[in-house]
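Some notes on the structure that comes next.
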Amino acid sequence: QVQLVQSGGGLVQAGGSLRISCAASGRTFSNYYMGWFRQAPGKEREFVARISRGGSTTYYADSVKGRFTISRDNAKNTVALQMNSLKPEDTAIYYCAAGTTNTGLISSYTYWGQGTQVTVSS
């Protein structure tokens, strides 16, 4: 079992930055691929970014590439998403997730954080 507790998020103007974090407890954090997903009102949850177990490889959705950065600290059992140049269309509830396969498929992630709201005003 892995417990994921998220922090950060909030309200920011377009063009601004936010950082959201996720702290893990339970099983060995470094055994898991970590991902960030988001769900906007009336839309399905979608992949945002993921990072390999050691942190050396990252993947991003085209919509956030060049603006968002995922990182992890296995010594501290944390994963973070730095979001720059935010746009109103980035408004959503953001979720961190842990899984044992290297994929962006939602169904492959077993453990989920509680979600955190990110709102970008125009």
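The values are calculated or read from the model by the stated rules, or taken from the named source; none is laboratory data. Only a predicted model underlies this, so the values are computations on that prediction, with no experimental measurement involved. Here the Cβ positions follow ideal geometry from the backbone for every residue, glycine too, while neighbour counts run over all protein chains shown. Remember, those area values only see protein heavy atoms, side chains included, never the ligands or the DNA or RNA. Shrake-Rupley method; radii C 1.70, N 1.55, O 1.52, S 1.80 Å.
For the chain, the longest piece that avoids every one of the trypsin sites (Lys or Arg not before Pro) found in DSSP loops with at most 14 other C-beta atoms within 10 Å covers 77-122. Volume of the convex hull of the chain (Cα atoms only), normalised per residue: 90 Å³. The lysines within cross-link reach of LYS76, meaning a Cα-to-Cα straight distance under 19 Å and a gap of 8 or more places when in the same chain, come to none at all. When the Cα convex hull of the stretch 59-105 is projected onto planes of every orientation, the mean area is 4.1 nm². Rolling a 1.4 Å probe across the protein heavy atoms gives the stretch 41-83 an accessible surface of 56 Å² per residue. Taking a straight Cα-Cα cut-off under 16 Å and skipping sequence neighbours fewer than 8 places away in the same chain, the lysines within cross-link reach of LYS87 are LYS65.
Other residues lying with their Cβ under 15 Å from the Cβ of ASP73 contribute a combined charge of +4, Lys and Arg counting +1, Asp and Glu -1.
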